[in-house]
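Notes for the one structure printed next.
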Amino acid sequence: LPVSEKEPVMGSLPVSEKEAVMEAFPAFNEKLDTLDQLLERNKKFAEGTLLDPKMATFESGVEARKALENGQWPIAVVVCCSDSRVPPEVIFQVGLGRLFVVRTAGNRADADAVLGSVQYAVCHLNTPLVIVLGHSSCGAMKAAINAAKGEFPDEVRY
């Protein structure tokens, strides 16, 4: 079945619990469920135009953590690099609970754990969007290319 036709699993939470969280946590009421909206937030980030600091604090503060204690309803899975310069929550300007992030060095999605994490988010959390996020100047990719050429740092010995 397409994700939209599946009954939400969300752990042991009934859908009414999700609705209660949405009502108690107004930041979740903001419609943010399309790739276009995430890209628009990313564009603002790239331009240096950040969200209202009060909203950012609200989306990641104590209220947000309490609202998410019993479940999560991310709008997107983001498979991305572990590089500390590219945190998806920051570049898409979203708070807690909005993204299900799977990070690996070099953005490799070939491991069972990575694919299993994506499958969990899509099938069990009903997350409708999967984004594979790349970035420039990836040190892990450079190291992999150099290793394929037989070039290793002095610290790596066989």
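Quick notes on this one:
- Whole-number accessible area per residue in Å² for region 63-158, which is evaluated in the context of all protein chains at 1.4 Å: 57 Å²
- In Å², nearest 10: area of residue 89 left accessible to a 1.4 Å probe: 70 Å²
- Applied to region 114-125, the Karplus parametrisation 6.51 cos²θ - 1.76 cosθ + 1.60 on θ = phi - 60° returns per-residue 3J(HN,Hα) values of 5, 5, x, 5, 5, 4, 4, 5, 6, 7, 9, 9 Hz, with x for Gly and Pro.
- To the nearest 10, the accessible area of residue 65 is 130 Å² with a 1.4 Å probe.
- Spin-label model, residue 146 to residue 37: label points 7 Å out along the Cα-to-beta-carbon direction sit 4.2 nm apart.
- Accessible surface of residue 90 - all protein chains present, 1.4 Å probe, nearest 10 Å²: 80 Å²
- Overall form of region 90-151 per C-alpha gyration tensor (a/c, 1.5; a/b vs b/c): oblate
- Spherically averaged projected area in nm², based on the convex hull that wraps the Cα atoms of region 68-117: 3.8 nm²
The values are calculated or read from the model by the stated rules, or taken from the named source; none is laboratory data. It should be emphasised that the depicted structure is a prediction, and the values quoted were computed from it without experimental measurement. Because the Cβ atoms are built from the backbone with ideal geometry, glycine has one as well, and the counts that use them run over all protein chains shown. Surface accessibility is based on the protein's heavy atoms, side chains included, excluding ligands, DNA and RNA. Shrake-Rupley method; radii C 1.70, N 1.55, O 1.52, S 1.80 Å.
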